[in-house]
Amino acid sequence: MIKLIAFDLDGTIGETIPMCIKAFKQAVSPYAGHVLSEREIVQTFGLNEAGMIKMVAGEKWQEALHDFYPIYERMHEECPKPYEGICELIETLQAAGILVALITGKGEKSCMITLEKFGMQNLFCSIKTGSEDKPNKAEAITELLHFYQLNEEEFCYVGDTVSDVAACRTAGVTCLSAAWGAGADVAALKEANPSKVFSSVKDLLHFLC
């Protein structure tokens with residue numbers, strides 16, 4: 001029986017990845033010495049924004065990080081709300097007695113900007129954010145298992161990338177792959193996580209409830 005479900009944020013709760021890339025490009029390119037390509041930015045994914053910026057801005061990373069947040073917040077006008085049905089899904093799970101947490105690679109500040117814009121800042125029992133040193137989702141899952149005294153089969157994670165599937169395997173829990181975002185690599189998800197890929201929030205709701 002599932003007792004806790006944790007969600008990813010970017011690409012799972014909202015269509016925020018394009019906005020993240022644009023904000024990063026605008027804020028950090030002046031410190032990188034050239035206009036950053038989308039490929040360069042995506043290669044930093046998995047770390048929080050401090051770690052991402054350190055990879056490309058060098059010694060000026062703190063200045064770049066300082067510039068990033070207001071640009072990120074302003075660009076949220078392009079993504080003012082979560083995917084349709086996400087809040088209802090979470091509320092349905094909670095009404096059924098299931099704990100709902102958030103595990104994201106984002107840093108705490110950008111995470112809270114997004115949750116506040118979405119009106120979701122008080123929706124989760126626990127929020128685990130990313131590290132500037134290494135991807136840490138498997139560690140965050142393990143921390144939640146220990147804190148809530150759960151077995152691996154009582155926990156599942158909803159994420160939109162193959163790396164989320166890998167993190168869940170490392171932690172020994174089930175990954176439910178969110179393939180409803182515009183940038184989802186559906187073929188790669190189906191190869192990595194067969195029979196657990198969902199093309200819509202409604203499909204996931206029907207599976208869980």
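Things worth noting here:
- Only listed residue being closer than 26 Å to Trp61 by Cβ, of a type outside the set (Ser, Thr, Tyr) and surrounded by fewer than 18 Cβ atoms within 10 Å (Cβ to Cβ), chosen from Glu153, Glu132, Glu191: Glu132
- Matching residues, segment 151-190, being out of contact with any strand residue (DSSP E or B) (no Cβ under 6 Å at 6 or more places or on another chain) and closer than 15 Å to Met1 by Cα: Asn151, Glu152, Glu153, Glu154
- All positions within segment 1-30 that are outside any helix (DSSP H, G or I) and among the hydroxyl-bearing types (Ser, Thr, Tyr): Thr12, Thr16
- Any hit, segment 20-30, residues being of a type in the set (A, V, I, L, M) and within 28 Å of Ala178 (Cα to Cα): yes
- Index of the failed condition, Leu36 passing every other in (1) assigned to a loop (DSSP other than H, G, I, E, B); (2) in the same structural domain as Thr161 (by TED's automatic domain parsing); (3) farther than 24 Å from Val197 by Cα: (2)
- Residue list for segment 55-88, restricted to those being surrounded by 14 or more Cβ atoms within 10 Å (Cβ to Cβ) and on the phi > 0 side of the Ramachandran plot: Gly85
- For segment 102-119, filtering for residues that are surrounded by 21 or more Cβ atoms within 10 Å (Cβ to Cβ) and not β-branched (Val, Ile, Thr) leaves 8.
- Those helices (runs of 4 or more DSSP H) lying entirely in segment 99-209 with at least 3 residues within 14 Å of the chain's Cα centre (by Cα): 108-118, 137-147, 162-171
- Look at (1) assigned to a helix (DSSP H, G or I); (2) in contact (Cβ under 8 Å) with a residue 40 or more places away in the chain and you find that Tyr83 fails only one, number (1).
The values are calculated or read from the model by the stated rules, or taken from the named source; none is laboratory data. The shown structure was predicted, so the numbers you read here are calculated from the model rather than taken from an experiment. Quick reminder, even Gly has a Cβ in these numbers, built from the backbone with ideal geometry, and neighbours come from all protein chains shown.
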